[in-house]
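Working notes for the structure below.
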Amino acid sequence: MTAPLLLSAWAGPAAAQTYTFTPQSSKDLTVTFQIQREGGSRVLVLGEVRNASSLPCERVVLKAEGLDENGRVVSRARAYVQGQVAAKAVAPFEVRLASTGNERRYRVEIETFEFLSTSRRPESGQ
């Protein structure tokens, strides 16, 4: 008889938990880049991420895509920006892309990132 009572007590706290996720906006992060061809099958994307916010940013992942004449993605690669992008600063990046030979233009977007709160200070030496 005590088993049903334990089961209902166990299910209660789990049902009471709620989580709220508020995505951060990348409006203060901008990307500039240039393309360098390396032979017939490699493309090097060199650029920088500019952080216009008053908070440092870390864990920045970039997605580079090569597009054909119809705007379809024909090549894709991802890369991390090393370390943090300090507030009001820029950080360089490099993405190596395997080319299909059909690329007519390229785009680079910030795929993921995290702004650090003012209560969390960067560790010394970073």
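Some notes on this structure:
- Filtering the range 78-90 to residues that are outside any loop (DSSP other than H, G, I, E, B), over 16 Å from THR30 (Cβ atoms) and touching an Asp or Glu at 6+ places or on another chain (Cβ under 8 Å) leaves ARG78, ALA79.
- Taking each residue of the range 46-57 that is touching a residue at least 60 places away in the same chain (Cβ under 8 Å) and looking for partners that are open to solvent by 50 Å² or more (accessible area, probe 1.4 Å) and part of a strand (DSSP E or B) with beta-carbon atoms closer than 6 Å, six or more apart or interchain, yields GLY47/THR32; GLY47/PHE33.
- Some residue of the range 59-68 being within 13 Å of LEU46 (Cα to Cα), in contact with a strand residue (DSSP E or B) (Cβ under 9 Å, 6 or more places away or on another chain) and not charged (D, E, K, R): yes
- Exclusive hit being surrounded by fewer than 17 Cβ atoms within 10 Å (Cβ to Cβ) and not in a strand (DSSP E or B), set GLU69, GLU48, GLU109: GLU69
- Taking (1) assigned to a strand (DSSP E or B); (2) surrounded by fewer than 12 Cβ atoms within 10 Å (Cβ to Cβ) in turn, LYS27 satisfies each apart from (1).
- Search result, residues across the range 72-106 that are of a type in the set (Phe, Trp, Tyr) and open to solvent by 60 Å² or more (accessible area, probe 1.4 Å): TYR80
The values are calculated or read from the model by the stated rules, or taken from the named source; none is laboratory data. In this text, all values refer to a predicted model and were calculated from it rather than measured experimentally. Counting neighbours? That spans all protein chains shown, and the Cβs are built from the backbone with ideal geometry, glycine included. Ligands, DNA and RNA are stripped out before the accessible areas are found, and what is left, the full protein with its side chains, is counted by its heavy atoms. Shrake-Rupley method; radii C 1.70, N 1.55, O 1.52, S 1.80 Å.
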